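The values are calculated or read from the model by the stated rules, or taken from the named source; none is laboratory data. All values derive from a computational prediction rather than experimental measurement. Don't worry about glycine lacking a Cβ; one is built from the backbone with ideal geometry, like all the others, and counts go over all protein chains shown.
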Amino acid sequence: MAHEMSGAPVSGILVVGGGISGITTALEAAEVGHEVFIVEKNPYLGGRVAQLYKYFPKLCPPACGLEINFQRIKKNRNVKYFTLTEVEKISGAPGNYDVTLKETPGYVNSNCTCCGKCAEACDVEIPNEFNFGMDKTKAAYLPHEMAFPQRYVLHPSILGTSAAQKCKDACQYNAIDLDMKPKTFTLKVASIVWATGWNPYDAKKIDNLSFGKVKNVITNIMMERLAAPNGPTKGKIVRPSDGKAVQNIAFVQCAGSRDENHLPFCSYICCLASLKQTTYIREANPKSKATIFYIDLRTPGRYEKFYKKVKADTNVSFVKGKVAKIEEDASTGDVLVTVEDTLAGKKLHEKFDMVVLAAGMEPSTSAVKVPGNAKYDENNFVISGEILSTGCVRKPCDVMSSGQTATGAALKAIQMLGRR
Amino acid sequence: MEKKLGVYICGGCSIGEGLDLEKLSLVATKEYKVPICKTHPALCGEEGVSLINQDIETEGVNTIVIAACSGRVKYDVFDFGPSNIVERVNVREQVVWSHDWTKQVQVKTKDAEGKEEVKAETKPNEDTQMLGEDYIRMGIVKANKTSLPEPFLEEFTKNILVIGGGITGLTAAIEAANTGYDVTIVEKNSQLGGYAARQRKQIPTKAPYSELEPANIQEKIKEISNHPRITIKTGTEIARISGAPGMFDVSFKQAGTKTKWDVPPPRKKEEETGEAKTEEPVELPADQIKCEDILTKDTDAERFGVVVVAAGGRPADPSEFEHLGYGKFANVITNVMMEDAAAKGKIIRPSDGKEARTVAFIQSPGLNGDDSDFPYCSSVTSMISLKQAKYVREDYTDGKAFIFYKHMRTPGVYENFYKSMQNDEGIFLTRGEVKGVTENADKSLTVEVDDTMIGENIAVNVDMVVLATGMVPETRFDPVINLAYRQGPAFKDLELFDGYCDSNYICFPYETRRTGVYTAGNVRQTMTNGECIEDATGAALKAIQCLESTNRGMAVHPRSGDTSFPEFFFQRCTQCKRCTEECPFGALDDDEKGTPKPNPTRCRRCGTCMGACPERIISFKNYHVDMIGSMVKAINVPDEDEEKYRIVAFVCENDAGPALDMAGLNKLKFSADIRFIPVRCLGSVNTIWIADAMSKGMDGVLLIGCKYGDDYQCHFVKGSELCNKRMDNVAETLGKLRLEPVRVQQVQFSIDEYNKIPEVIDKFVKVIEGVGFNPMKGF
């Protein structure tokens, strides 16, 4: 931990979730002059956006904005952060909360210099979570290159094995502590902002789209990793079954979203994400073609220009219609898509190298609730109230609106500081 | 402060394996006579840090040069408090992790029988060692040339000015006032409330987002009218805002009038980049009042610390879409006209006041497959049509509403609202292309629609047609803020966003190019009432943050917390105006002679002025022309017969710098002929540094900065672009000196492209090898 706790604070703001929304809330409040604590369950800050290759509509790298934000954190003594930490219990009320936090061991302490000797010594590989299991990483690993704080972690699965001992022996800086135990501690804060973000909707639940059954069907967030230069294929867009370069790709919109059986709401970002991802494939594989199957293309306001830009590429086509069925051509690994083209009024059967499901966003609070007095809407998004909420745990939104709501949430959190 | 240097060299993370630490120490102790120089196998450990702390305490070391890892890591470990200067020299990522430690050399030996044989022998890589030593030299020079910044502090006010009394402005004012700040809200109309006060109902703002809500703007107006911290000025406009954050002097005027405090037209065609243009006097029409110069002080002005702009917009005119009949047929109206009518009472058609029981809403004007919605609309217009369709149903039990759309845009939670409207049996939603609207004898209208989802072309007879038109931001017509700035009265970059004063930064949605002036609501993007409220709350925070930072003498985004600011040595100023013109944030105003007047609280500390100044009279305490120039000169340039090239690279510390670290972390290897010097922004690169490098005998200069163009990534907006323009002049100068222009090049680089670092560098090294050694070497 960069900033170890020095006695319990008497006032301050707790921000739960260290993604772009949480970081923004924390920094905006800290730069007004207030003390802020960020709690993040991952070993690094950055959250979901750290996994994205580019942002729409500028097609710029998320790491650029994260780097500035990390610089702001480094320079500001008002910000303290706790990684590998989750909130266990909240009691009290606005103006005076007692929060119990639990830190999970990463088995690497702040002595870590990121020299990489532990990973060199480690002979066990695990599925790379950051890349959604599309490749493997050593069990002693840096979650990703831009990880902040820049520190290795040991996967708990190797604990008690010779691999763990080899890692420890390789470390020259006494940074590996295999006896690290979970740690519970408390904080007193005046306001709490919930910013735990979203999870990709589990596409396996959408039976007819065959995710998990047909190898060359992936989700949009997996596509981000596949296209990223630091991803499992170093940015080569190839299909999972045989590593063949993808030339003919389809994007299936509303995979889970706008569907009473799955997510009844619209996930806001998927239309734009798919439009953006057509640019990935078109750039990586110049001969490629992309088709987007959609119900409505939701490119509000300034995003309309981006849609037009993508539409101007004649190798990207748009079909209005909901995909009914996805199957595998067993001999080739190709993906067969059945869709009702609602404008032409006919059923289409098309074949693709790979299909990307524009899987929706589910609030993280669908899985893990706020351990305190929070209110939810019918889809488990946190309604901002006594416990404030911001970003994608509050409503489905893009990065820019996350920044907006996060900045507003910082003000609301500050307003609570006066209360007792 | 009397400096006492200490140089501390770390041997950890392979530094000690790749470099000869003894020799590195000699650079400090012998060449630079640094009194204290120590090495340690793991400087960041407890023992290493206490070694430094001890020297601070007992030896009085106050300027600490740490040759170890990148300054981006272990920043907290190597923080020795605000009164000590710390300079980090990156010999890990940029030396031992990215260069070979050894190299194979062919050595002739004689074997036991005296026969000569050639053997490959592994020797320490002298190029890597030279690289490390140069970085130590540069670090020591930099530490010698830097000093601790002293914040710019004045008598600042903390009052907030909000421009615009619609839902956004009201919210911003209330939120700021409720946080404890005094606010003045200015509205040009005689009433507060804006368009929100003209609504019958509003699009849902809270869960479950399915039903219309009563418009609650009157409650906000009441709250603001009784708020002890809020002053209201209706019927008032801004004549001018002069000054800077913490000390803006605002001249108000009665709306619609002209005063001598209006901002005069710019003195010349304002061009923010390029050479100063000759001034052309602006002819004033006879009836126009002569405006005072921007630097003249209005003694009646009121002082504010920051400004929130919530000026909203004006309804767009859909006349250009002739096939829809607006302006031709009385019963074709816009959604704003519909809202006004609905707020008054039952919906009636304009031609004769007859009840409008069947109404068609047109979402998208396009023909021939163009699926854009109306200009300046957003998803808001989809929702307004749904809302107004509901009005028809509220007013008439047999009412019918048809909505013809290309894409129904109800993103996110607004899907619930769409669904609930779909459940109304009197609302008919069809995707289709509207071919045209025609008027019938009884003034009813026929709407012809093709390509509907039911697979046929239809014609519908309706009482009235409502066009889902957008809202044009006020800033498209009027500067609104009327800044008395030499760079002009309006926001910059408006053309990038069709007149919206929106942020170019996805991560930083409130950033504008006018420090201390934040925008919110429909002037930024078209928004629903709910979105306006959220946006206004964020803008209020940013305004408060700017006040507090200014009051601490600190910069705002992106160098938030920086207390350095540019200082000018005016005796040598030649009034060339380049600094005034090039500052991306309009921080400088020049007087009639052309002497710049600095406004430190407008400054974002990028150093673009410093890069622009041909006289090199602009400097920061901890960043100046002499500092970087001296670092360049500190690089050891080998003689030509050593056959080693030397290249210096100026690197943007925000994106390219971290990318270099990532390249090191990934152990990517590149030429050891190049030395990197981080700069705040390429905009701060003064061409004298290039001259310094060339006259020192260096063979090439590389500039690595952010991408520019419409989707620029430069955190200081224009830095990398300005640098590129200055390079044109450099090429010319090189030509005069008979040096090949290819010796100086700029590349655009993103932070995530670290895997391309070797390629970029080695390519440039090849270019330099192609043109050969700098002929000025050794002179």
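Quick rundown of the values:
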{"item": "Which numbered condition B:ILE481 misses (of (1) in contact with a Phe, Trp or Tyr (Cβ under 8 Å, 6 or more places away or on another chain); (2) within 14 Å of chain A (Cβ to nearest Cβ); (3) in a loop (DSSP other than H, G, I, E, B))", "result": "(2)"}
{"item": "One residue from B:VAL141, B:VAL105 being among the β-branched types (Val, Ile, Thr), assigned to a strand (DSSP E or B) and away from every other protein chain (no Cβ under 14 Å)", "result": "B:VAL105"}
{"item": "Number of the exception - A:ILE68 against (1) assigned to a loop (DSSP other than H, G, I, E, B); (2) free of Cβ contacts under 8 Å to residues at least 12 places away in the same chain", "result": "(1)"}
{"item": "Enumeration of residues in the range B:703-758 that are touching a Phe, Trp or Tyr at 6+ places or on another chain (Cβ under 8 Å), surrounded by 22 or more Cβ atoms within 10 Å (Cβ to Cβ) and over 22 Å from B:PRO558 (Cβ atoms)", "result": "B:ILE757"}
{"item": "Single unsatisfied condition, B:VAL717 versus (1) within 25 Å of B:ASN636 (Cα to Cα); (2) of a type in the set (A, V, I, L, M); (3) assigned to a loop (DSSP other than H, G, I, E, B)", "result": "(1)"}
{"item": "Residue in the range B:635-658 that is among the polar types (S, T, N, Q) and in contact with a Cys (Cβ under 8 Å, 6 or more places away or on another chain) present", "result": "yes"}
{"item": "Residues of the range A:76-106 satisfying the condition of being assigned to a loop (DSSP other than H, G, I, E, B), within 22 Å of the chain's Cα centre (by Cα) and of a type in the set (S, T, N, Q)", "result": "A:THR83, A:THR104"}
{"item": "Matching residues, the range A:15-37, being assigned to a loop (DSSP other than H, G, I, E, B) and β-branched (Val, Ile, Thr)", "result": "A:VAL32"}
{"item": "Index of the failed condition, A:TYR55 passing every other in (1) over 30 Å from B:PRO82 (Cβ atoms); (2) without any contact (Cβ under 8 Å) to a residue 40 or more places away in the chain", "result": "(2)"}
{"item": "Only one of B:SER420, B:SER385 that is crowded, with 23+ Cβ neighbours inside 10 Å, within 14 Å of chain A (Cβ to nearest Cβ) and small (Gly, Ala, Ser)", "result": "B:SER385"}
{"item": "Pick from the range A:327-346, criterion within 14 Å of chain B (Cβ to nearest Cβ) and not in a strand (DSSP E or B), ranking: surrounded by the most Cβ atoms within 10 Å (Cβ to Cβ)", "result": "A:THR342"}
{"item": "Conditions (1) touching a Pro at 6+ places or on another chain (Cβ under 8 Å); (2) at positive phi: number failed by A:LYS89", "result": "(2)"}
{"item": "Criterion (modelled with pLDDT of 95 or more and surrounded by fewer than 21 Cβ atoms within 10 Å (Cβ to Cβ)) met by exactly one of A:ALA406, A:ALA410, A:ALA324", "result": "A:ALA324"}
{"item": "Close pairs (6 angstrom Cβ cut-off, 6 or more residues apart or separate chains): touching a residue at least 12 places away in the same chain (Cβ under 8 Å) in the range A:95-107, buried (at least 19 other Cβ atoms within 10 Å of the Cβ) and polar (S, T, N, Q) anywhere", "result": "A:LEU101/A:THR85; A:GLU103/A:THR85"}
{"item": "Counted residues, the range B:8-48 - those being touching a residue at least 40 places away in the same chain (Cβ under 8 Å), more than 14 Å from every other protein chain (Cβ to nearest Cβ) and not charged (D, E, K, R)", "result": "8"}
{"item": "B:GLY530 part of a loop (DSSP other than H, G, I, E, B) and either within 14 Å of chain A (Cβ to nearest Cβ) or touching a residue at least 60 places away in the same chain (Cβ under 8 Å) (or both)", "result": "no"}
{"item": "Residues within the range B:484-502 that are surrounded by fewer than 24 Cβ atoms within 10 Å (Cβ to Cβ) and within 14 Å of chain A (Cβ to nearest Cβ), tallied", "result": "7"}
{"item": "Single unsatisfied condition, B:THR410 versus (1) assigned to a loop (DSSP other than H, G, I, E, B); (2) away from every other protein chain (no Cβ under 14 Å); (3) surrounded by 24 or more Cβ atoms within 10 Å (Cβ to Cβ); (4) not aromatic (Phe, Trp, Tyr)", "result": "(2)"}
{"item": "Subset of the range A:25-68 [more than 10 Å from every other protein chain (Cβ to nearest Cβ), over 13 Å from the mean Cα position of the chain (by Cα) and of a type outside the set (A, V, I, L, M, F, W, C)]", "result": "A:GLU35, A:PRO43"}
{"item": "Some residue of the range A:141-156 being more than 23 Å from B:LEU43 (Cβ to Cβ), crowded, with 21+ Cβ neighbours inside 10 Å, of a type in the set (Phe, Trp, Tyr) and in contact (Cβ under 8 Å) with a residue 60 or more places away in the chain", "result": "no"}
{"item": "Every pair of residues 6+ apart whose Cβ atoms lie under 9 Å, when the first sits in the range B:170-197 and is among the basic types (Lys, Arg) while the second is assigned to a helix (DSSP H, G or I)", "result": "none"}
{"item": "Filtered residues of the range A:279-317 (kept if within 12 Å of another protein chain (Cβ to nearest Cβ), buried (at least 20 other Cβ atoms within 10 Å of the Cβ) and not in a helix (DSSP H, G or I))", "result": "A:TYR294, A:ASP296, A:LEU297, A:ARG298, A:THR299, A:PRO300, A:GLY301"}
{"item": "Test result for B:VAL336, on the phi < 0 side of the Ramachandran plot, crowded, with 22+ Cβ neighbours inside 10 Å and in contact (Cβ under 8 Å) with a residue 40 or more places away in the chain", "result": "no"}
